[in-house]
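Participant: Could you have a look at this structure, given as C-alpha cells, before my questions?
The values are calculated or read from the model by the stated rules, or taken from the named source; none is laboratory data. Just so you know, these numbers come straight off a predicted model, no measurement behind them. Neighbour counts run over all protein chains shown; Cβ positions are idealised from the backbone, glycine included.
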Amino acid sequence: MKVVTPKSVHGCYDVFHIDGTTYVLFPGNITADVENAKETVCPHGHTRIYSVSSFEVTINGDTVTPLTYDIPKCRFALSTMEKDCSRFMFHWFNYHKQLGVDFFFIYDNNSSDEEFERVVDATKDIDGILVRWNYPYHYGSCTQTGQQNHSIYISKNRIDRIGLTDLDEYIVLYGSSNIDSLLSERISYIWWVWFGEGNIASLNPLDYRMCTGHNEGDWKHKMIVDPNYVDMVAIHGVVLPTRPNVRFKYLDYAMLHHYRGLNNEVRGCPSPHSDCKFCRKENLEMHKRYFLGE
C-alpha cells in the first residue's frame, strides 16, 4: 500500500488534481480566498471543498501546485480512518477482500511513529493507499467527514462504488444476496448494530429491529456510494447530490456488524449493546465463522 502525505497549505487538508479539476479540501471552520473557485459545503458545515478548472490554484494569493493520485479503475473500494489500530487490520482486510473489495483507502489519524510503522507493515500487501491524515480529530466534526469526502473526490471516474465504514464494522450479506446486489444502487445505506457474545445470530437482518437498546429512529447507518453521483457526504449518510430526485436505498439484505469490543481492545469477545437483551444473546458463532475461520 502506497503511503501518501497530503499537501496542507493555509490550513487545508489537501490540494489535489484529478481529471482537469483541482480541489482544495478544508475543514468547515476555515475559509480561504481561492481564486476562480466554486465552493461546496457539507450539510453540517464540517467540510468545504473549493474546485478550480485549472492545474495550479491560487489560495490566499499564493500559487499552489496540487498533488495527483494514482487511483486504479476498479469496482468496489472501502475507506476508513484509524488511529493505533494495526492489530485489527488483518481480519478486516482479509474478510472484505473475500467479500469482493478491490481497493482500500486507509487514513491514519495521528498514530504514534512506532504504531504507524506497524500500520505500514500490516498494509504492505494490500491494494490501496495509506494517507497520513494528521489533523486534530473530533467525532461528528470535520476530520472524519474530511477523510470521507477526500476519498470520494480522488475516486471520481475511477471507482464504481466506495463504502465509508470503520475498522470495527464488517459488511455482512444475508440470504441469497451477493456482491452484485450490494453494489446495485448508486447510494446505499447500511444499518449497523452492536454485536456481542451468545448464540448464532439471526439470518434475517430485520430481526435486529428488535434491539431494545435504542429506538429504530435513532439507528445509525453508513454508506456505499457512487463517487461520481454525490457532491459531498457526512458521516452517517447525508448527501448533497448535484441532481434532483436523487435515489437511495436502505438495504434489507446487508448489515454492518459493529464490534463495540474492538474499541475496548477485546478481540473475539466484543461487548453487546449493554441495554439490549436481544443483542446480548447474539453472535459468537457467526463471529467465529466469518472472522476467525472456525
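Participant: Can you pull out every residue in segment 131-180 that is surrounded by fewer than 22 Cβ atoms within 10 Å (Cβ to Cβ), in a helix (DSSP H, G or I) and of a type in the set (A, V, I, L, M)?
Facilitator: The answer is ILE179, and nothing else.
Participant: Would you tally the residues in segment 26-78 being more than 30 Å from LEU182 (Cβ to Cβ), among the aromatic types (Phe, Trp, Tyr) and in contact with a Leu (Cβ under 9 Å, 6 or more places away or on another chain)?
Facilitator: 1
Participant: Taking LEU25, is it surrounded by 14 or more Cβ atoms within 10 Å (Cβ to Cβ), touching a Gly at 6+ places or on another chain (Cβ under 8 Å) and in the same structural domain as GLN148 (by TED's automatic domain parsing)?
Facilitator: When the stated conditions are applied, LEU25 does not pass them.
Participant: Right, another one. Can you pull out the residues in segment 39-57 that are surrounded by 14 or more Cβ atoms within 10 Å (Cβ to Cβ) and part of a strand (DSSP E or B)?
Facilitator: Those that are surrounded by 14 or more Cβ atoms within 10 Å (Cβ to Cβ) and part of a strand (DSSP E or B): THR40, VAL41, THR47, ARG48, ILE49, TYR50, SER51, VAL52, VAL57.
Participant: Another one. Determine whether SER184 is surrounded by fewer than 16 Cβ atoms within 10 Å (Cβ to Cβ), in the same structural domain as MET223 (by TED's automatic domain parsing) and closer than 22 Å to GLY237 by Cα.
Facilitator: In short, yes.
Participant: Look through segment 100-130, keep the residues that are surrounded by fewer than 20 Cβ atoms within 10 Å (Cβ to Cβ), over 17 Å from the mean Cα position of the chain (by Cα) and among the hydrophobic types (A, V, I, L, M, F, W, C), and return whichever of them is farthest from CYS142 (Cα to Cα).
Facilitator: VAL120
Participant: Give the residue, chosen from ASN110, ASN29, ASN36, that is at pLDDT 95 or above, more than 20 Å from PRO227 (Cβ to Cβ), in a loop (DSSP other than H, G, I, E, B) and not basic (Lys, Arg).
Facilitator: ASN36
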